[in-house]
Amino acid sequence: MTMPSQSAITATGLRRLYGDHVVLDGVDLNVPCGTVFSLLGANGAGKTTTVKILSTLIRADGGSARIAGHDLSAEPDAVRAAIGVTGQFSAVDNLLTGQENLTLMADLHHLGRKAGRRRTAQLLEQFDLVDAAKKTAATYSGGMRRRLDLAMTLVGSPQVIFLDEPTTGLDPRSRRAMWQIVRELVAGGVTIFLTTQYLEEADELADRIAVLDHGKIVAEGTADELKRRIPGGHVLLRFADERDLESAARAVGQVSRDSDTLALRVPHDGSLRSLKALLDRLDQNAVEVDSLSVHTPDLDDVFLALTGNKEKVTAR
Ligand SMILES: Nc1ncnc2c1ncn2[C@@H]1O[C@H](COP(=O)(O)OP(=O)(O)OP(=O)(O)O)[C@@H](O)[C@H]1O
């Protein structure tokens, strides 16, 4: 289906309250078709609430949105027909096998027996579930379950897929397998709206990232744009004892220090020249450095700088 605009999702001024707790406080979003958009936020930032609103599971208290060309409040059925949702509200039935779960979905989508069987077989193959097809979902690992859940979503060939924390709790191998699946879906023209607590996941997958904090989007852009928004990197120096830490702090001047870990964090522009100048200064003052690491800004820094969250999102 062609859409009137090239946006798969637009939202303007979304608001949602639980009692007098303002969970979303005027959220604007624009997600171009065929891209991965990641909504990043700490626990409780409002990510799931946003997904629930955009996927018609709950209503917003204010604002408007269009999904796949349909108005969210005026045409909720058309929105539902165009989207798939996986994540914290899994549709997998534990008592059914993987194959039965998919067949049930095919029936719900009125695919017909032959087309349903074909689609089920194709999805079992695509999601590496052929060997497990006849086992009940209760016996599946976390990664297999997520794959089955996503495969079930795809039975209806959605244009827009909401993935709510799709890899939370998965081991690194299963996480990478899920990332590969997401890339393949996008290559096929699907739009992905991904919520995650993992900065690495957003960095790997997302064309654009929005950082949600206390119900507001505090920054939006590509991973590189976000990284450029915050001050440069730093050099982390560690010392064997308090005395070396003291002399180093005196030698290099204004730096942040952590006496517990015997570390100094010195602002650094990433150039060899300034690194050499720092080492020379330490040498001239006869300071023994135990270890040194150069740190360039990553999404973790961006997140901390933008949200001031003590409980930062998980960097892997
Ligand atoms: N049904 C509800 N009733 C009352 N408060 C709710 C309800 N659902 C969510 N909240 C509150 O809204 C806030 C945002 O929750 P939400 O689940 O959207 O956050 P999140 O960013 O998805 O967090 P997480 O990463 O933990 O899933 C939280 O403070 C939560 O306690």
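When you have a sec, figure out the Kirkwood radius of the stretch 7-228 from all distinct Cα pair distances and drop it here in Å to one decimal?
Numbers: mean 1/r = 0.0561 Å⁻¹.
When all Cα pairs of the stretch 7-228 are included, the Kirkwood radius is 17.8 Å.
If you find the alpha carbon centre of the stretch 110-155 and of the stretch 1-78, how far apart are they in angstrom?
Using only Cα atoms to place each centre, the spacing works out to 28 Å.
If the viscosity is 1.567 mPa s and the temperature 4 °C, what Stokes-Einstein diffusion coefficient in µm²/s follows for the stretch 169-278 when Rh is the Kirkwood radius over Cα pairs?
74
Quick one: helix 142-154 against the long Cα principal axis of the chain, what's the angle to the nearest 10°, folded into 0 to 90?
The angle comes out near 50 degrees.
Treating only the Cβ atoms of Lys and Arg (+1) and Asp and Glu (-1) as charged, compute the dipole magnitude of the chain about its Cα centre; round to the nearest 20 debye.
1020
Give me the aspartates and glutamates in straight-line cross-link reach of residue 135: C-alpha distance below 17 Å, same-chain residues under 8 apart excluded.
Candidates past the 8-residue exclusion: 93, 100, 125, 149.
Readers should treat all values here as calculations from the given coordinates under stated rules, not as data from a laboratory. Keep in mind the model is a prediction, meaning the values are calculated, not measured. Note: ideal-geometry Cβ built from the backbone for every residue, glycine included; neighbour counts use all protein chains shown.
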